[in-house]
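Peer 1: Mind looking over this structure? Questions follow.
Nothing in this text is a laboratory measurement; each read-out follows from the coordinates by a stated rule. Note that this is a predicted model, so its numbers are computed, not measured. Cβ sites come from the backbone with ideal geometry, for glycine too, and all protein chains shown count toward neighbours.
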Amino acid sequence: MTFTVGIIGRPNVGKSTLFNRLVGKHLSIVDRTAGVTRDWQKAKCMIGDIGIELIDTAGLEPKINDGLDNNIREKTLEVIKVSDLIFFVIDAREGVTPNDQYFANQLRREKTKKVVLANKCEGNKGDHGYFEAFKLGFGEPIPISAEHGHGLEELYYTLKSLGNIVRKDDYDTEAPQDEQKDDTIKIAIVGKPNVGKSTFINCLIQNERLLTGPEAGITRDSIDISWTYKGKKIQLTDTAGIRRKSKVKENIDKLSTADTYRSIQFCHLVVLVLDSREPLDRQELALASHAIDQGRMLIIALNKWDVVKNKKQVLDKLQSRLRTSLTQIKDIPIITMSALTGLGVQELLPKALKLFSLWDTRISTSPLNKWLGLAVSSNPPPLIRGRRPALRYVTQAKTKPPAFIIFSSRGKKIAESYRRYLVNDLARSFELNNIPIRLIIRQAKNPYNPE
């Protein structure tokens, strides 16, 4: 069983910076603004030879009447319940504040072991805060600098001193990719703010894992959730809503947008969630086009379908827009659903698994070359300087997405329109209409050319 460590503290003391430092990746958004993290983020990491599961949390605030802040606070308190060890982080430059003492009193009621981390102790600026941290009553604090990596060896020895409680897990985040052979299907849920992405994931996994509410822009970090569906490992990634460029002014919004695009880059399938009352505007169309250009599978999820009156009209209009504006893929799958009531939500995973099997398709060379011969005889390539280029041979280079290479005598000069014809005919012939296909026409080297 994995040893779980929760990082707790008030806002802007460096919890996310410490999380990123220990994990070795930039998973949590870091900014000088207080309260950037809202939902907890989890990742496995190795500290020396010790494997742990680390949880980054939102900054703790005193209990107030604001609904969103109270929900954030409850999510953080949940982490304390499930953790085997708590890293209680304070800002050593500011010293121990009344809020630090208030939350220390709350933590004291829990049986979980606590370790105080006096962050921002680089130089001598945090010495007074370090000595003040003794009065919190959790033993000797550890002076660290999460930003500069100072004091992390003390964390290792603290974990080591726990003896048999901490296990040296058999996973290693630094192991070569070919040794790990991860067969997890990664699905990124994207869309504009307040279209119901987090509610959709909560409904899908039947657990209120993610923070939701009527306010737009609650989600800021991209949050990965591991899940299993019919024996298949699934990783669902909740992302921040994408706003129009003219409305992205704050640095946090820019970081959240970049995080969403990073999630698209590293996923297998993109689910674009739309509000059924105003589906597929230019911004959402650009997001869908970007996902396809990255070679990702795409499913359109029409949320809030239960409040739509003219259902057939809305669906026909959407399909027409997809046919004319997203010509890279034909017959993009669409599901209609209501994340609030659960209507149609369970249709996603069967379609996702079917798409993934297509995306991972490997076609042998013989049928590919038979197809090429028929395609060229039905519609020969246009003449180049009075001569028709020869398309000699085709092979599949890779999967995920399927990529094909055609070798030709004048590959660089073949018209783009003819390349699109080959892509469309290839997709039709091998029933690959629902996924992106990459086709490269490579020009054979001329042995008589000195270059």
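Peer 1: Given R₀ = 30 Å, FRET efficiency for residue 74-residue 157 by Cβ-Cβ distance, to 0.05? Could you put the intermediate results ahead of the total?
Peer 2: Details: r = 34 Å, r/R0 = 1.12.
E between residue 74 and residue 157, to the nearest 0.05, is 0.35.
Peer 1: Return the distance in nm (one decimal) between the two label points of a simple spin-label model at residue 347 and residue 289, each offset 7 Å from Cα along Cα→Cβ.
Peer 2: Between residue 347 and residue 289, the label points sit 2.7 nm apart.
Peer 1: Using the structure shown, select from 317/370; 25/192; 245/312 the pairs with a Cα to Cα distance greater than 29 angstrom. Don't skip to the answer; put the middle values down first.
Peer 2: On the way: 317/370 38 Å; 25/192 26 Å; 245/312 32 Å.
Over 29 Å apart, Cα to Cα: 317/370; 245/312.
Peer 1: Once R0 is set to 35 Å, what does the formula 1/(1 + (r/R0)^6) return for the Cβ-Cβ distance between residue 403 and residue 226, expressed as a FRET efficiency to the nearest 0.05? Write out the running numbers ahead of the final one.
Peer 2: On the way: r = 29 Å, r/R0 = 0.82.
The value I calculate is 0.75.
Peer 1: What trypsin sites (Lys or Arg not before Pro) does the stretch 22-100 have in DSSP loop regions with at most 13 other beta carbons within 10 Å?
Peer 2: Numbers: sites: 25, 32, 38, 42, 44, 63, 73, 75, 81, 93; in loops: 25, 32, 38, 63, 93.
Counting only loop positions with at most 13 other Cβ atoms within 10 Å, the trypsin sites (Lys or Arg not before Pro) in the stretch 22-100 are 25, 32, 63.
Peer 1: Give me the number: length gained by fully extending residue 392 to residue 184, i.e. 0.36 nm times residue separation minus the C-alpha to C-alpha distance, one decimal in nm.
Peer 2: Working: separation 208, 0.36 × 208 = 74.88 nm, distance 3.74 nm.
So the extension gain works out to 71.1 nm.
Peer 1: So, one more: Between residue 25 and residue 278, what is the label-to-label distance in nm when each label sits 7 Å out along the Cα-to-Cβ direction?
Peer 2: Rounded to a tenth, the inter-label distance reads 3.5 nm.
Peer 1: Next question. Which of (i) 35; (ii) 50; (iii) 21 is the computed percent of Cα pairs over 39 Å apart for the structure on display?
Peer 2: Comparing each candidate, only (i) matches the computed number.
Peer 1: Something else about it: Calculated from DSSP H runs of 4 or more alone, at -39500 (n - 2.57) each and per residue, what is the 222 nm mean residue ellipticity of the chain, nearest 500? Could you put the intermediate results ahead of the total?
Peer 2: Details: 13 runs with 147 residues, N = 451.
Computed ellipticity for the chain at 222 nm equals -10000 deg cm²/dmol.
Peer 1: Explain nothing, just the number: dipole magnitude of the chain about its Cα centre with +1 on each Lys and Arg Cβ and -1 on each Asp and Glu Cβ, in debye rounded to the nearest 20. Walk me through the numbers on the way to the answer.
Peer 2: Values: 70 positive and 52 negative charges, 544 e Å.
Once rounded to the nearest 20, the dipole reads 2620 debye.
Peer 1: Roughly what % of DSSP beta bridges within the chain run antiparallel, to the nearest 5? If you can, show how the numbers build up before the last one.
Peer 2: Values: 23 of 66 bridges.
So the antiparallel bridges in the chain amount to around 35 percent.
Peer 1: I'd like to know which of 291, 346, 248 lies farthest towards the positive end of the charge dipole of the chain, counting +1 on Cβ of Lys and Arg and -1 on Cβ of Asp and Glu.
Peer 2: 291
Peer 1: Something else now. Explain nothing, just the number: relative contact order of the stretch 279-422, from Cα pairs under 8 Å at least 6 residues apart, as a whole percent. Please list the in-between numbers first.
Peer 2: On the way: 144 pairs, mean separation 26.8, N = 144.
Over the stretch 279-422, the number comes to 19 percent.
Peer 1: Right, here's the next one. Evaluate the relative contact order of the stretch 182-359 (contact order divided by residue number), counting alpha-carbon pairs under 8 angstrom at least 6 apart; express in whole percent. Write out the running numbers ahead of the final one.
Peer 2: Working: 298 pairs, mean separation 41.2, N = 178.
About 23 percent, as a whole number.
Peer 1: Sticking with this one: Any of 186/230; 120/160; 81/111; 413/445 with alpha carbons more than 18 Å apart? Name them for me.
Peer 2: 120/160
Peer 1: I've got another one for you. Quote to one decimal, in nm, the extra length available between residue 147 and residue 244 on full extension: 0.36 nm per residue of separation minus the C-alpha distance between them. Can you show the working numbers first?
Peer 2: Working: separation 97, 0.36 × 97 = 34.92 nm, distance 3.19 nm.
Value of the extension gain: 31.7 nm.
Peer 1: For the chain, find the longest principal axis of its Cα atoms and tell me its angle to the long axis of helix 311-325, 0 to 90°, nearest 10.
Peer 2: Taking the Cα atoms of the chain, the angle to 311-325 is about 70 degrees.
Peer 1: Sticking with this one: May I ask you to derive the FRET efficiency for residue 312 and residue 357 from their Cβ-Cβ distance with R0 = 45 Å, giving the value to the nearest 0.05? Present the calculation step by step, with values, prior to reporting the outcome.
Peer 2: Working: r = 30 Å, r/R0 = 0.68.
Efficiency at R0 = 45 Å is approximately 0.90.
Peer 1: Another one. With a point put 7 Å past each Cα toward its Cβ, work out how far residue 109 is from residue 33 in nm, to one decimal.
Peer 2: Distance between label points: 3.2 nm.
Peer 1: Could you grab the relative contact order for the stretch 4-165? Cα pairs under 8 Å, six or more apart, rounded to a whole percent.
Peer 2: 23
Peer 1: Then there's this: Where in the stretch 1-67 are there chymotrypsin sites (Phe, Trp or Tyr not before Pro) that are in a DSSP coil and have at most 16 other Cβ atoms within 10 angstrom of their Cβ? It would help to have the intermediate numbers written out before the result.
Peer 2: Numbers: sites: 3, 19, 40; in loops: 3, 40.
Here no chymotrypsin sites (Phe, Trp or Tyr not before Pro) fit, given the DSSP loop and packing criteria.
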